[in-house]
């Protein structure tokens, strides 16, 4: 039996919102998941965003996926519920795409694939990207959340001690993959202990490093007994 027939499938949509680089990070991470394959569909708006925000061409992004589908091909495999997938992520997801999904307006393959994901009761994750949000945007997302859609705005976090934009992108990608039961080696889960950005240089006998502000911090390896233990709490 062809090993590819046993692989799980994730549909990846890229729409025209900013942060197209997140889609590239996800596709790169998914390439390391041997048990999975990715089915990619990119909107016209996303092509333009990729051109403005990244150094990747449309062809280079398409090559990162197991299979790339034409946006106009409403007869593609991912347009049918009989084509088994584990679900779909739209990364990033524009408010136009949010509206199209919320109201069943399947004018292209991305919207049709999302519609199929909903009707087949599969997981749909939307990295909805816009700020500020209008009442229309909020109502559309509430409508989708009521259908079980995961609304995951690509917000930045600081508690994991990310030392670069790339590390923050990896954190978001890890959260997306976690929704589908995958682990990402560059995703750092919260453990209750403060994560630092780099090695401490002021005391070789202590563990520590630079916090996200570039300030040197240090703490004793024994968190349970040493008062210099540094902990932080993620946002509530």
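Between 125, 116, which is under 24 Å from residue 67 (Cβ atoms) and in contact with a helix residue (DSSP H, G or I) (Cβ under 6 Å, 6 or more places away or on another chain)?
125
Please enumerate the residues belonging to segment 100-118 that are touching a residue at least 24 places away in the same chain (Cβ under 8 Å), out of contact with any strand residue (DSSP E or B) (no Cβ under 7 Å at 6 or more places or on another chain) and under 21 Å from residue 22 (Cα atoms).
Within segment 100-118, 101 is the sole residue that qualifies.
Collect the residues in segment 156-181 that are within 16 Å of residue 34 (Cα to Cα), in a loop (DSSP other than H, G, I, E, B) and out of contact with any strand residue (DSSP E or B) (no Cβ under 7 Å at 6 or more places or on another chain), keeping them in residue-number order.
181
Where residues in segment 143-155 are out of contact with any strand residue (DSSP E or B) (no Cβ under 9 Å at 6 or more places or on another chain) and without any contact (Cβ under 8 Å) to a residue 40 or more places away in the chain, which of them is farthest from residue 45 (Cα to Cα)?
Filtering first and then ranking leaves 146.
How many of the residues making up segment 48-78 are outside any helix (DSSP H, G or I), free of Cβ contacts under 8 Å to residues at least 24 places away in the same chain and over 22 Å from residue 8 (Cα atoms)?
Matching residues across segment 48-78 total 2.
Taking the residues in segment 142-156 that are under 17 Å from the mean Cα position of the chain (by Cα) and surrounded by 15 or more Cβ atoms within 10 Å (Cβ to Cβ) as candidates, determine which candidate is farthest from residue 118 (Cα to Cα).
Ranking the qualifying residues of segment 142-156, first place goes to 154.
Coordinate-derived values only; no laboratory data. All of these numbers come straight from a predicted model, not from anything done at the bench. Cβ coordinates were reconstructed from backbone atoms using ideal geometry, including for glycine residues, and neighbour counts include every protein chain displayed.
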